[in-house]
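The block underneath contains the structure these notes are about, expressed in structure tokens.
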Amino acid sequence: MHVFIPPTAELPDLQAKIDGKTKPLGALGELERLARQIGQVQQTLQPQLGRPCVLVFAGDHGAARAGVSAYPQEVTWQMVENFLAGGAAINVFARHNDLQLQVVDAGVAHDFGVRPDLLDAKIAFGTRNYLEEAAMSVDQRDAALARGAAIVRSLAEAGCRVVAFGEMGIGNTASAALLTHLLTGSPLADCVGRGTGLDDAGLARKRDLLAHALRRAGLSSSADPATVLAEFGGLEIAMLTGAMLAAAEQRMLLLIDGYIVTAALLVAARIAPAIVDYCVFCHRSAEPGHLAQLRALRAEPLLDLGLRLGEGTGAALAWPLVRAAAAFLNEMASFAAAGVSERQ
């Protein structure tokens, strides 16, 4: 896909505005860095975080039935029903943080019919089994990228300035492990975690299966990222990638969740490295491969709560900090305005 992400040029007046607030220099720590990033993304000294939205992309993986997850594949569509009923963690966190929530069927192996609260962007009823063949055809991958981009462009047209990304898909930590291994060069063993709760035997089996998948595909860390995505990605991961690229093109702020969302970002960052400037890394996942992703992207997350749920939950929990950073930049008095003497 054609991508043009505008540069986030440094605004000298932005740092001066932050430094001029009624506080010692640097006293708000990471919030100051975050405020500067938000202003640079929007290229303004008065950023607005209008109509924030959480996008949760759901999709199934053909390899899930081979034993790479502790849960059966049916849990994907059952959890989508839970999202639609308002009962999942992301529903709770979105409600309590005034975030709009949109659930997207990117490729769930289930027919939901017409549902008012579910965006039907289904490419296929799940991917193929990457233990035997590529997970997606080139056409499926490209369609998923394009649909993700179109969803975000529609949000931007409606005034959305901030997008938080989440996902649901049984087996998608295995897919993320393969993407992370190939796109960061980290050893596969460092990228494979317990996912939804595998025991030691299940974890060993997962590692063996993923090593087999790598041998089958014959790809190296120098492989084209779009090829890696088609071989091992999920439809929800591909749609996330397209959505992220479009969000940065629209100068939106991207709230990056955990392991699977960051795997999609690895693909996007290989396609358009400038996207990282638009990303707020919301939390450090308990999945071991997330460390390799963060190192590769030179990212420092806002929170470290031991989360490994997905759904965009870490992004929703970090949202109050993002809002606070913009609020102090826009509303906190300067020394001059407050009549407070500055440091000698």
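All of the numbers you see were taken from the coordinates with simple rules; none came from a lab. This is a predicted model, so every value here is computed, not measured. Backbone-built Cβ (ideal geometry, glycine too); neighbour counts: all protein chains shown.
Net charge near GLY306, counting Lys/Arg +1 and Asp/Glu -1 over other residues with Cβ under 14 Å of its Cβ?
Net charge in that neighbourhood comes out at +1.
Identify, among ALA230, ILE271, ALA243, the residue whose Cα sits farthest towards the positive end of the charge dipole of the chain, taking +1 on the Cβ of Lys and Arg and -1 on the Cβ of Asp and Glu, with the dipole about the Cα centre.
My answer, from the dipole projection, is ILE271.
What is the Cα radius of gyration of the range 43-156 over 2.2 N^0.38 Å, N being its residue count?
Values: Rg = 16.2 Å, N = 114, 2.2 N^0.38 = 13.3 Å.
Taking N as the residue count of the range 43-156, the ratio is 1.22.
Using the alpha-carbon atoms, what tilt in degrees (0 to 90, nearest 10) does helix 235-249 show relative to the longest principal axis of the chain?
20
Most fluctuating residue of GLY193, GLY306, GLY289 in a GNM of the chain with Cα springs under 10 Å: which is it?
Judging by the Gaussian network model, the answer is GLY306.
Let me check against my output: what whole-number percent is the relative contact order of the chain, with C-alpha pairs under 8 Å and at least 6 apart?
26
Once you have the Cα-Cα distance between ARG51 and ASP208, take 0.36 nm times their residue separation minus that, and quote the gain in nm to one decimal.
The ARG51-ASP208 span can extend by a further 52.1 nm.
Of MET332, MET136, MET244, which is the most mobile in a GNM of the chain whose springs link Cα atoms less than 10 angstrom apart?
MET332
Say we join alpha carbon atoms closer than 10 Å with springs in a Gaussian network model of the chain; which of ALA88, ALA35, ALA269 then has the biggest fluctuation?
Sorting by GNM fluctuation, first place goes to ALA88.
Just how large is the dipole of the range 53-328 about the Cα centre, in debye to the nearest 20, putting +1 at every Lys and Arg Cβ and -1 at every Asp and Glu Cβ?
In debye, rounded to 20, the range 53-328 gives about 420.
Based on alpha-carbon atoms only, what is the radius of gyration of the chain relative to the globular estimate 2.2 N^0.38 Å?
Here the answer is 1.00, to two decimals.
Test of understanding: what is the full-extension gain from PHE112 to ARG251, defined as 0.36 nm times their sequence separation minus their Cα-Cα distance?
That works out to 46.7 nm of additional length.
Less than 12 Å Cβ to Cβ from LEU34, Lys/Arg counted +1 and Asp/Glu -1: what total charge do the surrounding residues give?
Numbers: positive: ARG33, ARG36, ARG323; negative: GLU30, GLU32, GLU300.
Result for the neighbourhood of LEU34: 0.
Can you work out ³J(HN,Hα) from phi for every residue in the range 38-52, in order, using Karplus 6.51 cos²θ - 1.76 cosθ + 1.60 and θ = phi - 60°, giving whole Hz and x for Gly and Pro?
4, x, 5, 4, 8, 6, 8, 8, 10, x, 10, 10, x, 6, x
Whole-Hz Karplus ³J(HN,Hα) for the range 25-33, in order, using 6.51 cos²θ - 1.76 cosθ + 1.60 and θ = phi - 60°, x for Gly and Pro?
These are the phi-based 3J(HN,Hα) values: 4, x, 5, 8, x, 5, 4, 5, 4 Hz.
How much length, in nm to one decimal, is gained on full extension between GLU157 and ALA85, taken as 0.36 nm per residue of separation minus their Cα-Cα distance?
On the way: separation 72, 0.36 × 72 = 25.92 nm, distance 2.74 nm.
So the chain would gain 23.2 nm between GLU157 and ALA85.
Under a point spin-label approximation (7 Å from Cα along Cα-to-Cβ), what is the SER221-ARG343 distance to one decimal in nm?
Output for this residue pair reads 4.1 nm.
Calculated FRET efficiency, TYR71 and PHE4, Cβ-Cβ r, R0 45 Å, to nearest 0.05?
Working from the Cβ atoms, E equals 0.65.
Relative to the first principal axis of the alpha-carbon coordinates of the chain, what is the inclination of helix 313-331, with its axis defined by its Cα atoms, in degrees from 0 to 90 and to the nearest 10?
Roughly 20 degrees, rounded to the nearest 10.
Return the sequence-ordered ³J(HN,Hα) values of the range 251-268 in whole Hz as given by the Karplus equation 6.51 cos²θ - 1.76 cosθ + 1.60 applied to θ = phi - 60°, using x for Gly and Pro.
Once θ is set to phi - 60°, the couplings for the range 251-268 become 6, 8, 8, 9, 9, 9, 7, x, 5, 6, 4, 5, 4, 4, 5, 4, 5, 4 Hz.
Measuring from label point to label point, each 7 Å out along Cα→Cβ, what is the ASP190 to GLU300 span in nm?
2.1
Mind giving me the nanometre distance, one decimal, between the label points for GLU30 and ASN330, set 7 Å out from Cα along Cα→Cβ?
Each label point lies 7 Å from its Cα, and together they span 2.3 nm.
Over 18 Å, how big is the tail of the calculated P(r) for the range 116-220, in percent of all Cα pairs?
I get 60 percent for the Cα pairs in the range 116-220 exceeding 18 Å.
Can you sort LYS17, LYS122, LYS23 so the residue with the fewest Cβ neighbours within 10 Å comes first? Could the numbers behind the result be given before it?
Details: LYS17 19, LYS122 22, LYS23 15.
Placing the least packed residue first, the sequence is LYS23, LYS17, LYS122.
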